[in-house]
Amino acid sequence: MAVPPIDAAAAHRILGRAAYGARPGEAEALARGGLAAWLDHQLSLPAEEPAIEARLAAIRLPIRYGAAEGRWPAVEEARPLTRLAMSQAENFRFSPRQDRPVPPPETDRGRLELSLATLLRKVAAEAQLRERLVEFWHDHFSVSYPGSSQVQVSLIEHDRRIRAHALGSFRALLEAMATSPAMLYYLNNQSSRAGAPNENYARELLELHTLGRPAYFGAARTNREVPRDAEGRPAGYVDADVWEAARAFTGWTVAAGQALDPARRLPDTGEFAFVEGWHDPYQKQFLGQSLDPFAGGMAHGRAVLDTLAGHPATARFVCAKLVRFLVGEPVPAPALARAVAAFRRHGGETDQIARVARAILTGPEIADPRLGRMRRPLDAVAAAARAYALPFTPSPALLGQMAGAGQALFSWPAPDGQPLEASQYDGAGALRSRWGMLLALARGGPGADPSPVLESLAGQPVAGVAARLARLAIGPGAGPVAETVAGVWVREGRGERPGPAEVAELAGWVLAAPAFQRS
């Protein structure tokens, strides 16, 4: 379909939804070049950016802990982000066991490094649309580290898998998640065996990762009682399908030194492993299809993934979530219809997800001011840093402020992922934390140094300063915010020509405006 022309206001909204906000001049450049050219460029960018990797390599993060006699020596140093480049096997060594004591700060180090890398990428990456989709898939295939050191040390590998498939085939991404050590540990499939299958992963696979809750027919005893869709397939699933899927994934585990028999053990690598002897090979019935007995290897689990990836309910459920994430609420029916059509038309293709994203973004909905949603803390930090071109270096203190505002990375306790709903972020305590975080950021606090953009406004009349700050952060329609900020400043008797620190304070006021809290 033809991509509609856009003005600077629409471009600012697009960059607040499909990216992490507009840097100075970016909305105007997008309006001049058009959305089609921006999408072509974004979807052509590689997964790795040398400039980002160089910035990450320059970071030194303190680590400190005391000695434990006979277990480990004391450490106090500023260390590079070494865990990000380690393999899963190397990171897995930091998961403590009785025979392998590990200081807690070393166990948590990989999670902390990944969190800082996540912040920097959202702010500084050129591939902004990819970063958006990486964030979406982390929510969709959510794992949580508190309470599981195995998940904690496997987060970097989980992130690598998501990044590798974020714009690719949903079917390939689905298997990458089914074999992700973090997912296997989080949903207990690493211990699922023939005769005693664990249903946790299978249930979330159907309910959260593919078909969705709307496709659950809990009142039906068997799949024969489930209505058929236009293509003759069961329109959804029942509890028996969860059980059969759990059987299909028995033997999908993590190699952590477990005994196979008196003479053999799995390697202690923390990597995915399939153990034939732990698999239930007998016939299964899944969504009305028979899975042949003794198909061998991982055939039954892969057959389940094939069926789910190609099911119409999966297309509807995943695309509705993606449209809500990128465009906003309520989910616009035309954008959803385009997304579902693209998802199904390009099923299995190596750029399926990229085509779905393009279908969503090439309609008028992406710039509709009536849509959008509340920015989560990660989004607000990135948008603020980008709007004011803050020299940004992520810090643990900023991660703590984000947690106070309602978003602690990789730790949402339920498998449904970090909420989009504003109720998680608009309570009095969360808003106070958000405002303090954004004001500190504008002042060059945790995560940022003073911005040349803000410093260039020092000494100018406050009305002009407020207007420039509001336009950068909120867009061309920010006049009322600028007038309010400047008016309050004057009524409080503050200087008519604010100095550098006062400009930063004014920037923090703008970032606290309700108009900035929505994309």
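Throughout, read-outs are computed from the coordinates displayed, never taken from laboratory work. What you see is a predicted model, and the numbers here were worked out from it, not measured in a lab. Reconstructed Cβ throughout: ideal geometry from the backbone, glycine too, with neighbour counts over all protein chains shown.
By average Cβ neighbour count within 10 Å, what is the ranking of 280-289, 354-363 from highest down?
354-363, 280-289
Strictly greater than 16 Å: what percent of every Cα pair in the stretch 67-182 meets that? Value for the stretch 67-182: 63 percent of Cα pairs lie more than 16 Å apart. In this structure, the amide hydrogen of Glu271, modeled 1.01 Å from its nitrogen in the peptide plane, lies closer than 5 angstrom to those of Ala255, counting only residues at least 5 positions away or on a different chain.
Taken one residue at a time, the phi angles of the stretch 279-295 give Karplus couplings (6.51, -1.76, 1.60, θ = phi - 60°) of 8, 8, x, 7, 4, 9, 10, 10, 6, x, 10, 8, 9, 4, x, 6, 5 Hz. Gly and Pro are set to x. Summary of the geometry: the stretch 214-260 and the stretch 429-444, compared by the centres of their Cα atoms, lie 45 Å apart. Packing, taken as the mean count of other beta carbons within 10 Å per residue, orders the peptides 437-445, 423-431 from highest to lowest as 437-445, 423-431. Packing, as the average of other Cβ atoms within 10 Å across residues, places the peptides 60-67, 182-189 in the order 182-189, 60-67, highest first. Across the chain, the mean sequence separation of Cα contacts (distance under 8 Å, 6 or more residues apart), normalised by length, yields a relative contact order of 16 percent. Under a Cβ-Cβ cut-off of 9 Å, what is the net charge of the residues other than Gln152 that fall near it, where Lys and Arg count +1 and Asp and Glu count -1? Neighbourhood net charge equals 0.
Taking label points 7 Å from Cα along the Cα-to-Cβ direction, Ala333 and Arg32 give a separation of 4.0 nm. Taking the stretch 42-80 and a reference point 7 angstrom along Cα→Cβ of Asp351, the backbone N atoms nearer than 13 Å belong to 42-46.
In the chain, the calculated helix contribution to ellipticity at 222 nm averages -14500 deg cm²/dmol per residue, counting -39,500 (n - 2.57) for every DSSP H run with n ≥ 4.
For Arg265, the residues 5 or more places off, or on other chains, whose built amide H falls under 5 Å of its own are Leu260.
What does the net charge come to around Met402 if you take all other residues with beta carbon closer than 13 Å to its beta carbon, with K and R at +1 and D and E at -1? Summing Lys and Arg as +1 and Asp and Glu as -1 gives +3. Working from label points 7 Å from Cα in the Cα-to-Cβ sense, the Asp426 to Ala230 distance is 3.6 nm. For Lys284, the amide hydrogen comes within under 5 Å of the amide hydrogens of Leu291, counting only partners 5 or more places away or on other chains and with H modelled in the peptide plane. If R0 is 51 Å, the Cβ-Cβ spacing of Gln285 and Ala389 corresponds to a FRET efficiency of close to 0.30.
Taking the number of Cβ atoms within 10 Å of each Cβ as an exposure proxy, the fewest-first ranking of Trp509, Trp435 is Trp435, Trp509.
Computed from backbone phi, the HN-Hα couplings of the stretch 470-480 come to 5, 5, 4, 7, 10, x, x, x, 8, x, x Hz, rounded to whole numbers (Karplus: 6.51 cos²θ - 1.76 cosθ + 1.60, θ = phi - 60°; Gly and Pro given as x). Note on Leu260 and Thr222: the model spin-label points, each 7 Å out from Cα along the C-beta direction, lie 3.8 nm apart. The mean sequence distance of close C-alpha pairs (under 8 Å, at least 6 residues apart), as a share of the length of the stretch 164-321, puts its relative contact order at 25 percent.
For semi-axes √(5λ) of the Cα gyration tensor in Å, pick the label among (1) 61, 26, 21; (2) 54, 23, 19; (3) 43, 30, 18 that corresponds to the value derived from the coordinates. Step by step, semi-axes √(5λ) of the Cα gyration tensor in Å for this structure corresponds to label (3).
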